[in-house]
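Please read the structure below before turning to the comments.
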Amino acid sequence: MGGRVTISTHVLDAARGRPFAGIAVSLQRRDGTEVANAETNTDGRITGWGDGLEAGVYRLVFDTAQAAPFFPEVVLTFDYSDPAQHYHVPLLLSPFAYSTYRGS
């Protein structure tokens, strides 16, 4: 999957105010079929998912067991309705809470 990035994510340690490196993330279709997987880089980002995805409902599955043991896995489901747009879905993670939003 090369070309222009259309889906990216960023995992931030909200308690310490810095990125989480080495978090495994799986991009899946709604039915659980894996489309791509990667680990967050030293800046906590994954930006390598590119063109070629069809519109539909997808989810990002974050393996957060080592970063926040209370939440061993975080699943963010989102509607990828317009493949012509960039979708940035960040995760802000702390020991006992997490949040997300649609970024730019």
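A few points about this structure:
- Loop sites in the stretch 23-88: trypsin sites (Lys or Arg not before Pro), DSSP, at most 16 other Cβ within 10 Å: Arg30
- Only the Cβ atoms of Lys and Arg (+1) and of Asp and Glu (-1) were treated as charged; on that basis the dipole of the chain about its Cα centre amounts to roughly 260 debye.
- Relative intensity of the chain on a log10 scale, I(q)/I(0) at q = 0.10, 0.16, 0.19 Å⁻¹, equals -0.25, -0.64, -0.90, per a Debye sum over C-alpha point scatterers of equal strength in the absence of solvent.
- For a modelled paramagnetic label at Phe96, 7 Å from Cα along Cα-to-Cβ, the residues of the stretch 11-43 in reach, with backbone nitrogen under 15 Å, are 15.
- Annotation: per residue accessible area for the chain equals 54 Å², rounded to a whole number [probe 1.4 Å, protein chains only].
- Considering only Thr33, Leu53, His10, the residue lying farthest towards the positive end of the dipole of the chain is His10, judged by Cα position with unit charges set on Cβ.
- Percent accessible area from carbon and sulfur atoms, the chain, protein chains only, probe 1.4 Å: 49 percent
The values are calculated or read from the model by the stated rules, or taken from the named source; none is laboratory data. Computed from a prediction, not measured in an experiment: that's the story for all the values here. For neighbour counting, all protein chains shown are included, and Cβ atoms are generated from backbone atoms with ideal geometry for every residue, glycine included. Each accessible area value is taken on the protein alone, full model and side chains, heavy atoms only, with ligands, DNA and RNA left out. Shrake-Rupley method; radii C 1.70, N 1.55, O 1.52, S 1.80 Å.
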